[in-house]
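The values are calculated or read from the model by the stated rules, or taken from the named source; none is laboratory data. Because the structure is a prediction, the values reported are computed rather than measured. Ideal geometry is used to build each Cβ from the backbone, glycine not excepted, and the neighbour counts take in all protein chains shown. Note: areas computed on protein heavy atoms with side chains; ligands, DNA, RNA excluded. Shrake-Rupley method; radii C 1.70, N 1.55, O 1.52, S 1.80 Å.
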Amino acid sequence: MAWGRGEEGNLLLDMKFQPYLQESPLFTEGDTGRIWQYIRNHVDKGEGMEILDHIQTSIPRPSRKLIRHINSILDAKAEFILMEQQLVVYDRVMQLVREKALDGSDGRYVVLVKGGPGTGKSVVGLNLLGKILQEGKECIYLAPNAAFRNGMAARLDPERARRVFKHPYFYNKELTLSGESFQTAIVDEAHRISLSPPPMQRKLGKSLVEEIIDKTWLSVFFTDDNQMIRPSDIGSYDHVKERAKALGCTVYEYELEAQFRCAGSQGYLNWIDDVLGIRETANASGWENMDGLEFRILEDPNEMLRILQERQEEGYDARMVAGYAWPWSKELEMDGNLVKDVEIFEDGKRVFGMPWNPQDSYKTRRGKGIPANGGDWAVNPDGINQVGCIHTCQGLEFDYVGVIIGEEFTYDPERGGWTADVKKCHDRKIGANSRDKFLRLAQNTYKTLMTRGMKGVYVYSVDPATREHLKQRLKVVQELEENRFYRRKKTTLRKLLLGDFASDAAGGYVGEKTIRIQDFQVKPMDGSHYFCDIHQEQQFLQEVREVAGNRELELDRELEARFNGTPQIRGYAPGVEGLVVDIGIMKIRPKAVVKRMSGGKERIAVVFGG
């Protein structure tokens, strides 16, 4: 039945369109009852649950418009620019995409990428997603963690991009039902692929890693064994490689090492490994870029919350996270608010209480100001009012993060080492039979949490002895930094490279000098500037002498302040007119030349960008 124009005031409902409306009914706002009855009349019979399951598990084929939209965002945002080893991985995958049919006629391929926190695994994955789709090949982005998938989609487009992201289990289920294979799959956070299926799904007869490889002509796995945090996690580097070889795949192996998180300090990650007892490292006494990362041990979780709130008010992303040392309520309070499960007591009195990040659904209506789910928690400003779980925040990053260490992971000063009590862990998927593995799982958990911060990390432990141990370790770092023999100073290019005895006598402008460098490494300094470390130092020193006496360029004050505030920079000089460094992919006119510590070695680097 259709209404006339007078009843709705809508030309589309005019009586002259009745023949068409009878064939294709039109529903407008307020027609909830009618559309419900229409659907019931036409869809009430048959295998509805099978249809629903098919819709839920089907692999989407994005429209050309969505593909163009995704690539326009990737091309426009600086955060998606690929560098160094990232480009090597990207080029290999795109070569396979362009040269292979990916239909089974020319083999099956697996690209296996190892990389620690902050090495840019996801940036590579997102770039590959966009460009593979642009090439006209099938591609889907797989990740076990729903919050991570939603967070990645939000970086592209919060509404439309989610259709190209999927849980690995449902990807495999759809292909199993259809009997088809898929051309390309990007598998991010592969270390979290589990033996345990999602809720209400059957257990597989084979490893999910094997199932994915067996149904995909080109699989790209990004994994990090040190972020496996449950006994059921199976997506290790060795497991993926073993299954790929067993299935006769051509395997390409890569490792991402350059650090883009935690102020770009690999030394900080090494120090965390040493402090948490994961492995002994050369960074036991600290890291070379301490001022670039604000790291603090706090005595009060309320102070931590206050600092994080201040950072958010300043315009930064800030969140509090914690180990799974508290229960997680499935129901809301009577007033619709979240239960404050994360409680800390001193002398029997509660001194701190916050809820976990919200779950996807509750039986009762939630109150105002509560994010919709874990994925929304990561991007919604109201997420500052809840504590993020390891399973929610893994793979995500924030400008500032506060980490609460629970009583399941403590430092024993008498034994001189860390202990982990599985009985105090509330993750139900880590059972009592995991006692022998739990220490390493706890170490991996807290390393993961303490590497979520780009600019700052604050740590509080509920155990006083653990707090004291961490403070002592940090004190060593601070004392060493205060007593370092060097102090940054601005100097001339001639003195920086040739020493304090070099003369600054002007040699006159000698014109433009292009120095061609083949051995180099580009690393980010901040959001707009980059270091280009010169590995051919002798050649550079020999050739730069010709223009070292040229007139200096004016150095930006903010850039100069950054140099002075970064301990790893030993000295710096403004660039000079006429100096060009040709690295093949681009020609650089350096804004400055610096001597900086990188990877335990002093490097000469030119600074460009801005």
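Quick notes on this structure:
- Qualifying residues in region 216-239 (those that are surrounded by fewer than 21 Cβ atoms within 10 Å (Cβ to Cβ) and in contact with a strand residue (DSSP E or B) (Cβ under 6 Å, 6 or more places away or on another chain)) - the one farthest from GLN443 (Cα to Cα): TYR237
- Selected residue (criterion: nearest to the chain's Cα centre (by Cα)) from residues of region 585-603 that are assigned to a strand (DSSP E or B) and more than 10 Å from ILE569 (Cα to Cα): LYS601
- Qualifying residue in region 563-575 (condition: outside the structural domain of GLU294 (by the TED database), buried (at least 19 other Cβ atoms within 10 Å of the Cβ), at pLDDT 90 or above and outside any strand (DSSP E or B)): yes
- Matching strands (runs of 3 or more DSSP E) fully within region 274-388 where at least 2 residues are open to solvent by 10 Å² or more (accessible area, probe 1.4 Å): 294-297, 342-346, 349-354
- Yes/no for SER178 being without any contact (Cβ under 8 Å) to a residue 12 or more places away in the chain, under 24 Å from LEU204 (Cα atoms) and out of contact with any Leu (no Cβ under 9 Å at 6 or more places or on another chain): yes
- Total residues in region 527-556, condition assigned to a loop (DSSP other than H, G, I, E, B) and of a type in the set (A, V, I, L, M, F, W, C): 4
- Residue in region 459-491 that is farthest from the chain's Cα centre (by Cα), counting only those that are assigned to a loop (DSSP other than H, G, I, E, B) and at pLDDT 95 or above: ASP463
- Selection within region 114-153 - touching a residue at least 12 places away in the same chain (Cβ under 8 Å) and assigned to a loop (DSSP other than H, G, I, E, B): GLY116, PRO117, GLY118, THR119, GLY120, GLU135, LYS137, GLU138, CYS139, ALA143, PRO144, ASN145
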